[in-house]
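The values are calculated or read from the model by the stated rules, or taken from the named source; none is laboratory data. Being a predicted model, the structure only gives us computed values, none of them experimental. With ideal geometry, Cβ positions are generated from the backbone for all residues, glycine too; neighbour counts draw on all protein chains shown.
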Amino acid sequence: MLINHPLLGPRDASEFTYLGDANLLNRPDWQGENAVEAFHDYLYLRDNPAGLHRELWFHEQGDRSWLVVTRNTLTHEILGVEMARDVARNNKRFEGDAQ
Amino acid sequence: MPDLKPLTALGAAAPRVDIIGALTIAETPNVALASLAARKGQGDAVVEVVKAGLALDLPAAGRSVANTSHRIWWTGPEQWMVEADFTVCELLAEALKSIVGATGSVTEQTDGWCRFDVTGDTVVALFERLCAVDVAMMAVGDATRTSMHHIGCFLIRTDEGVIVIGPRASAGSLHHALVEIAGAIA
């Protein structure tokens, strides 16, 4: 399997490690009213879709970038690859942190 | 003072050179290394100060640059590795920090790595057996990180061949990988 790294082009999947659902980027507000419940859901509740899935991959044997890979779990077809930091910065919750 | 003698990464007094078929695999000691990471929001500023200080443009993704005193290659977004001759620039990290100031963070890397220079007509055949990178498509100056025999290494394509920079603690294993495959294609 090849992952088309946004900066480095197609790279062998053996250079990457897999973390899981890209929703892990959306960490709840620990000071929120329902923080306990939100963290329970964040930590334990995962969708397990048969089809399109957005997931976090780490280019460990490469440039050490975190990537958000959109993959079809039925066919293993990779439909999109983004830098996770771009995804996080584009996320409204990170507006104050963006440069 | 005790009379201390430096050893190369492979543990000998003199650097190892293996000539196998068309390939020469030469251990290259006396390499000073320091990593550079742009601080938050300073990506453009660090490029400016390095250009002023070392007369080199910090390279884009997958590339390297070099002049007579320094070589720099890209290691990740807004991160680079800087190499110099240890016998001339032993305190590379200190010198680099004085150049970049508050625009970047510098970490001494000299003792963490070993370097092998692989030259000869069959370098592409060697590295396409060792790693998943498309070495045949690498242009002179391309630099990338990959793994060979489970060892994470930098590969830098030069006019003469390929420079391999790998973890010093695994110098023996890396050397074994290079020599073994060189023997297989000789």
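Things worth noting here:
- Across segment A:31-50, a minimum of one residue is classified as touching a Leu at 6+ places or on another chain (Cβ under 7 Å) and at pLDDT 95 or above.
- Answer residue from segment B:23-49, given it is within 21 Å of A:Asp86 (Cβ to Cβ) and touching a residue at least 40 places away in the same chain (Cβ under 8 Å) and is surrounded by the most Cβ atoms within 10 Å (Cβ to Cβ) among those: B:Val46
- Only listed residue being at pLDDT 95 or above, closer than 29 Å to B:Phe154 by Cβ and away from chain B (no Cβ under 13 Å), chosen from A:Trp57, A:Trp66: A:Trp57
- Single unsatisfied condition, B:Leu36 versus (1) within 14 Å of chain A (Cβ to nearest Cβ); (2) within 20 Å of B:Ala143 (Cα to Cα): (1)
- Residue identified as charged (D, E, K, R) and buried (at least 20 other Cβ atoms within 10 Å of the Cβ) among B:Arg157, B:Arg168: B:Arg157
- Residue ranges of strands (runs of 3 or more DSSP E) in chain A with at least 2 members touching a residue at least 12 places away in the same chain (Cβ under 8 Å) and closer than 30 Å to B:Met81 by Cα: A:2-5, A:17-21, A:52-58, A:66-72, A:78-83
- Selection count, segment B:11-39, where residues are closer than 24 Å to B:Thr75 by Cβ and out of contact with any Cys (no Cβ under 6 Å at 6 or more places or on another chain): 14
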